[in-house]
Amino acid sequence: MSTKEQHNEAVEAAKEVVSAEQSEQAFEETANEETQEDARYAELVKQAEENQQRYLRAQADFDNFRRRTLKEKEELGQYASMKLIGQLLPVVDNFERAVAAASVNGDFESLAKGVDMIFRQLEQTLEQEGLKAMNVVGEPFNPDFHQAIMQVESDEHEEGIIVEEVQKGYILKDKVLRPAMVKVSG
């Protein structure tokens, strides 16, 4: 064999060794990449599971909050009048005393006086809660506050003015609780 051929074989052998080293290095890099991808995949799976658990806890918390607020709302509606009734109990007590005193004495003048005092106490309690009676006679008719039940001819009032109040109307704070039933001039 000639030197040239030996040199070529040596070069080919060296190329094969380098090629084998490169293949081995590429294999190791691929294995490292797969290991890194597996680690990344495991990390992502772990995050997904944590997010799922957080979601389920948040959903359960929301359901509990919804049930609790619904229960509180029902209780509030059930006992909303508790304060007002507590304020009206002294009025009821006074009525009982007045009726008992009238049945024993038979004094109807003092009964009337007592009932009048109790009525004022009741009005005062209702006013403290925001109830106001409407004063409507002589006012212009307003369908938001008044309910016309009759139209009457009147020389004293212009057309559309309330002449007579048949049933009192009431306003609770800023809302009409009951419109006044009125007669209107025509």
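The values are calculated or read from the model by the stated rules, or taken from the named source; none is laboratory data. None of these values were measured; they are calculated from a predicted model. Positions of Cβ are generated from backbone atoms using ideal geometry, with glycine treated the same way; all protein chains shown enter the neighbour counts. These accessible areas exclude ligands, DNA and RNA; they are computed on the full protein's heavy atoms, side chains included. Shrake-Rupley method; radii C 1.70, N 1.55, O 1.52, S 1.80 Å.
Quick notes on this structure:
- Among the residues here, residue 139 does not qualify as touching a residue at least 40 places away in the same chain (Cβ under 8 Å), out of contact with any Pro (no Cβ under 8 Å at 6 or more places or on another chain), of a type in the set (Asp, Glu) and within 27 Å of residue 173 (Cα to Cα).
- The residue of the stretch 133-177 that is nearest to residue 123 (Cα to Cα), among those that are assigned to a loop (DSSP other than H, G, I, E, B), of a type in the set (S, T, N, Q) and open to solvent by less than 90 Å² (accessible area, probe 1.4 Å), is 142.
- Selected residue (criterion: most open to solvent (accessible area, probe 1.4 Å)) from residues of the stretch 116-131 that are more than 28 Å from the chain's Cα centre (by Cα) and closer than 15 Å to residue 170 by Cα: 124
- Close pairs (6 angstrom Cβ cut-off, 6 or more residues apart or separate chains): without any contact (Cβ under 8 Å) to a residue 24 or more places away in the chain and farther than 24 Å from residue 126 by Cα in the stretch 92-110, open to solvent by 90 Å² or more (accessible area, probe 1.4 Å) and of a type in the set (Phe, Trp, Tyr) anywhere: none
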